[in-house]
Every structure is written in C-alpha cells, then in structure tokens.
Amino acid sequence: MKIVRTVSEWRLWCEEARRAKQSIGLVPTMGALHAGHLALVQAAQSENDVVVLTIFVNPTQFTNQEDLEKYPRPEEADCAAAEAAGVDLLVIPTVKEVWPVFPPPVTYQAGPLGDRFEGADRPGHFTGVAQVVRRLFEITGECRAYFGEKDYQQVAVVREMVRTLDLDAEVKTIPTVRAEDGLALSSRNIRLSPAGRVRALAFSTALREYSAGGAAVIEAAARHTLEVAGVEVSYAAVVDNQSLQRVSPDYVGPARLLLAGVVDGVRLLDNGPVVVGSEDAVSN
Ligand code: PAF
C-alpha cells in the first residue's frame, strides 16, 4: 500500500492508474476506520482494479468546533487497517493540501435536499460535504465512489450533486454495517460511555420493530422508543426514498425512516426501510 499526503502525488497516482487502464474505486472517509469502512473497501475491490481510500477530517462540514476537535484521528491504527484490507493508495492530506485557500469558496449549494433533517440541525453541513466530495472527485478523476447507507441523506446530496454538475463519478452504496447487538457502526461510537452505548441500541430497536400504521404512527412510536431509552431525539421522520420529503399522512407503501438524536453528547444517526400503512406490526 502506498501512502501519500499531497494532492500532486495523489493526482499523479490516479492518472497513472488510468493510463494503465485500471478502474479506480474511491472510498472517502474521515478515518477512525471500522468494519463499515472496510465493507466499503471490499465493495470497491469487487468492482474496480484499484482502491483509493482517503482520510480527511473536513473542517468545512463541521458546524461545531468542539465536534471537529474531538473527532478521533487514530492514524497509526487506520494505516494498519487500510493495509490489512488491501487498499492500494491511502491518502492522508492536510487541510492546506485540500483547501489551499481557507475557507474555500462555496461553488455548489446542497439546496433544499441538504436543508432538511441533518441540514436543519447543522446548517451548512451538507454544503461542506458536497464541497469536499467534489474536491475528492476532482483530484481522483473518473472513479466509482463508495458510501454507506447509514448516512442516507449524505448519499442523496452527493448523488444530486453528481447529477447536477455531471461529475465523472459513479456513486455506489452499501447497506449499513451493524455491531452484533444492532448498533450502526460509526466512528463516533467510541465516544459513548458503556451506559450510553446501551441507550444507543434504541435506534436499531426502533427500526427493527417499527409500528404498524401510517407515517405519523411510525414516527411517534420510533420517537417514543428513543425517548424512553434516554435519547435526546432530533428527528424521527418517514420520508420518500428518493426525494427525502416527508411522505403525506395518507401515504401507503415503502419509505425510509430517518432517525437522529444525541446520547452522551454524541450525535447518532440511523435509518432503515419501512412499509407505511401496513396492518401488522413489522419486524425487519
Ligand atoms: O461520511 C463521511 O465520512 C464524510 O462525510 C465524507 C463523505 C468522507 C466527506 O468528508
């Protein structure tokens, strides 16, 4: 595995791969690698000749300075994990390399899709995500890029940006990877206390055992499950799979249940498929 820290080495490596007719799978991360990231690497390996993994804690997507400062950065363990997973190029650039001018100019606004849910709680977050993902795509060049469904809204924003700007990247997703007890894997989980980790299980419980009925019933039941466990709920929303608009009260059919809340001061997200308007209580 080659490790580079500069944009010029990264760009050159990708150009050489393309010249050798090798397809590139890009796995963008902010590090603190876990099994979810390694599943992205595996998916990228199965469809491409080479895999580029980036580790960059992008300041422009953080709306809270403390969150940015506390974001875990276990570089040595990350290098070992990437190497063991068979990554070909590991990119660990500095902020100065990615953003020579800081703050960088905003040339794409995430728009209404990025203003809801996570975007409403963290204004500007998705514009920052789109900004850095566009930059990663621009440096890497033509590639397939891999994202986890855990960040469902992020994927929707990135897909929309790729479509709008006609970028040379194919967005691919993999299902959320969970711990044995159901907790969705996230780099933030290591900040949970043992008791907080137990409380956080309410997210996967709410998704697994969602209530029968219309969207409002499903949302209220999920909110209840989270609140009873002691989660400070940000939102529990049943949305259209593509537009991420809240479904209408009389909607019947497949949708996505988006959940977010805070445990131990740590913001957690989860989501899963639901069938709205079903008669029976469902267990995924
Ligand atoms: O999901 C993440 O880890 C980040 O938002 C991403 C896509 C790497 C952009 O910084």
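The values are calculated or read from the model by the stated rules, or taken from the named source; none is laboratory data. Just so you know, these numbers come straight off a predicted model, no measurement behind them. Glycine also receives a Cβ, built like all others from the backbone with ideal geometry; neighbour counts cover every protein chain displayed. SASA here: full protein model, heavy atoms, side chains in, ligands and nucleic acids out. Shrake-Rupley method; radii C 1.70, N 1.55, O 1.52, S 1.80 Å.
Just to confirm my filter: which helices (runs of 4 or more DSSP H) fall fully inside the range 105-176 and include at least 2 residues that are open to solvent by less than 10 Å² (accessible area, probe 1.4 Å) and of a type in the set (A, V, I, L, M)?
125-140, 152-165
Mind checking whether some residue in the range 7-18 is among the aliphatic types (A, V, I, L, M), within 16 Å of the ligand (Cβ to nearest atom) and under 22 Å from the mean Cα position of the chain (by Cα)? Spell out the reasoning first.
Pass one, the range 7-18, residues among the aliphatic types (A, V, I, L, M): 7, 12, 17.
From what's left, within 16 Å of the ligand (Cβ to nearest atom): 7.
Narrowing further to those that are under 22 Å from the mean Cα position of the chain (by Cα): none.
Looking for residues that are among the aliphatic types (A, V, I, L, M), within 16 Å of the ligand (Cβ to nearest atom) and under 22 Å from the mean Cα position of the chain (by Cα), one finds none in the range 7-18, hence no.
Residue-by-condition table, conditions (1) within 16 Å of the ligand (Cβ to nearest atom); (2) under 14 Å from the mean Cα position of the chain (by Cα):
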position: 20; (1), (2): no, no
position: 39; (1), (2): yes, yes
position: 47; (1), (2): no, no
position: 73; (1), (2): yes, no
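For the criterion of being away from the ligand (no atom under 12 Å from the Cβ) and either touching a Cys at 6+ places or on another chain (Cβ under 6 Å) or basic (Lys, Arg) (or both), residue 172 passes. Of the set (1) within 13 Å of residue 275 (Cβ to Cβ); (2) within 21 Å of the chain's Cα centre (by Cα), all apply to residue 202 but (1). Kindly indicate whether residue 160 is in contact with a Gly (Cβ under 8 Å, 6 or more places away or on another chain), within 16 Å of the ligand (Cβ to nearest atom) and under 17 Å from residue 243 (Cβ atoms). It is true that residue 160 is in contact with a Gly (Cβ under 8 Å, 6 or more places away or on another chain), within 16 Å of the ligand (Cβ to nearest atom) and under 17 Å from residue 243 (Cβ atoms).
Taking the range 134-171, which residues are of a type in the set (Ser, Thr, Tyr) and under 18 Å from residue 111 (Cβ atoms)?
Initial filter on the range 134-171 (of a type in the set (Ser, Thr, Tyr)): 140, 146, 152, 164.
If the condition is that a residue be of a type in the set (Ser, Thr, Tyr) and under 18 Å from residue 111 (Cβ atoms), then 152, 164 are the ones that fit.
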